[in-house]
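First comes the structure, then the notes that go with it.
The values are calculated or read from the model by the stated rules, or taken from the named source; none is laboratory data. Here the structure is a predicted model, which is why all the values come from computation and not from measurement. Neighbour counts run over all protein chains shown; Cβ positions are idealised from the backbone, glycine included.
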Amino acid sequence: MEKGQLPAAPLLLRAVRDTRPESGPVTLLKARGTVDASNATEFSEALAEHLRRSDGAGEHLVLDMTEVYLASAVAVRSLDRATGRLALSGRCLPIVQPRPHVREALRLAGLPGVRVHATTASALDSLPAGEPARPGGPR
């Protein structure tokens, strides 16, 4: 860390569960802090585990990145690793309001397993009705 530079905020993930009449059960995973080379693998594994649990429970998962303060190229690759199965099954993970530099990095990376939304409401409205399709199953 350079002199005068603030330390990275620790990464925290918090799951909030809800049921929406239009789309069924939803888990909103709120990320806060810094995703960088020091914790990108941990972030990817935690996100992949939340995706597996949501699939197993027949829930939709939405990732809120509103409070992610910094993401490196390694963090973008960690998102790609975690959402790879979704992309293979023709699905995507709605991501809410990443900061401008994160949003731009995601846009440039063109990750097939994610879709960026400006608001939580927009992300929730994008969810298909009923349970999400299982990996390898119909959409």
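So the values come out like this:
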{"quantity": "Matching residues, region 63-85, being in a helix (DSSP H, G or I) and either aromatic (Phe, Trp, Tyr) or surrounded by fewer than 21 Cβ atoms within 10 Å (Cβ to Cβ) (or both)", "calculated": "Ala73, Val74, Val76, Arg77, Asp80, Arg81, Gly84, Arg85"}
{"quantity": "Scope region 16-52; condition under 14 Å from Leu124 (Cα atoms), of a type outside the set (D, E, K, R) and either at pLDDT below 90 or surrounded by fewer than 18 Cβ atoms within 10 Å (Cβ to Cβ) (or both); matching residues", "calculated": "Val16, Thr19, Pro21, Ser23, Gly24, Pro25"}
{"quantity": "Checking Ser54 against (1) without any contact (Cβ under 8 Å) to a residue 60 or more places away in the chain; (2) in contact with a Leu (Cβ under 6 Å, 6 or more places away or on another chain), the condition it does not meet", "calculated": "(1)"}
{"quantity": "Boolean, Leu86 is farther than 22 Å from Ser38 by Cβ, modelled with pLDDT under 90 and of a type outside the set (D, E, K, R)", "calculated": "yes"}
{"quantity": "Unmet requirement for Gly90, which otherwise passes all of (1) exposed (fewer than 15 other Cβ atoms within 10 Å of the Cβ); (2) not in a loop (DSSP other than H, G, I, E, B)", "calculated": "(2)"}
{"quantity": "Of all residues in region 119-139 being exposed (fewer than 11 other Cβ atoms within 10 Å of the Cβ) and at pLDDT 55 or above, the one that is nearest to Glu104 (Cα to Cα)", "calculated": "Ala121"}
